[in-house]
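Colleague: Sharing a structure with you now.
Each value in this text was obtained by applying a stated rule to the coordinates, not by laboratory testing. Please read all numbers here as calculations on a predicted model, not as lab measurements. Cβ placement follows ideal geometry from the backbone for every residue including glycine, while neighbour counts extend to all protein chains displayed.
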Amino acid sequence: MNIDKKLIRSCAKNDRKSQFLLYKECYRLLMSVCYRYKKDKSEAEALMNMGFMKILTKLDKYNEEGPFDAWSRKIMINTIIDEYRKNKKEKEKIEYTDFQESTYDQHNVDYNEADKQFNAEEMKLMLLKLPDMSRKVFNLYAVDGYSHKEIAELFNISVGTSKWHVSNARSELKKLIEKKLNPVELEN
């Protein structure tokens, strides 16, 4: 996404037409970020609008030397995390597993075959099936490149809990992929 610097300057001066053009330019990128964290389209759109408003109000802090898309994604992710903190009334359901008692998985899956059979939309749907907190932590770690320490600070959890959520998400994704690739074997 290559945003014209003049457009950004016009937006900073509260030119509504320029702000609308910037919204249209950023919509696809920022909505993809929102969809990674919210299952419902209307909730994702609400986050998108909230985040975009923050982008507009913080344009004076944007350094034109850096890429606008990276800067705007960071603000969007921070908006999503802020909203999570505000709405933390809903307790996240967490199942704890004793990894020492885990048994070896007998089902072998060729993950290169999985690459051939899945498209981005199917993977997105699999991610949406993950428990909410594990999905959020996994997205921040695996997709957005946050460290476990940063994630722990953002959600006020321990580094170990952050690592557990990533491990849990990977495990759940593995099960979903295996089920998709070997539906008959797993039913028996």
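Colleague: Which entries in LYS6/LYS61; LYS24/LYS149; LYS17/LYS136 show an alpha-carbon gap greater than 26 Å?
Modeller: Going by Cα-Cα distance, LYS24/LYS149; LYS17/LYS136 fall outside the 26 Å limit.
Colleague: Using the 10 angstrom Cβ neighbour count as an exposure proxy, how do THR79, THR57 rank, fewest first?
Modeller: THR57, THR79
Colleague: Looking at segment 1-87, which GluC sites (Glu not before Pro) are in a loop (DSSP not H, G, I, E or B) and have at most 15 other Cβ atoms within 10 Å?
Modeller: GLU64, GLU65
Colleague: Spelling out what I want: for every residue of segment 161-169, take phi, set θ = phi - 60°, compute 6.51 cos²θ - 1.76 cosθ + 1.60 (Karplus), and round to whole Hz; glycine and proline get x.
Modeller: Karplus values, whole Hz, x for Gly and Pro: 5, 4, 5, 4, 5, 5, 4, 4, 4.
Colleague: Determine ³J(HN,Hα), in whole Hz, for all residues of segment 32-44 in sequence, where each value follows from phi through the Karplus function 6.51 cos²θ - 1.76 cosθ + 1.60 and θ = phi - 60°; x replaces Gly and Pro.
Modeller: Couplings: 5, 5, 4, 5, 5, 10, 10, 6, 7, 4, 5, 5, 5 Hz.
Colleague: Next question, about the same structure. Could you work out the local net charge near MET126, counting Lys and Arg as +1, Asp and Glu as -1, over the other residues with Cβ closer than 9 Å to its Cβ?
Modeller: +1
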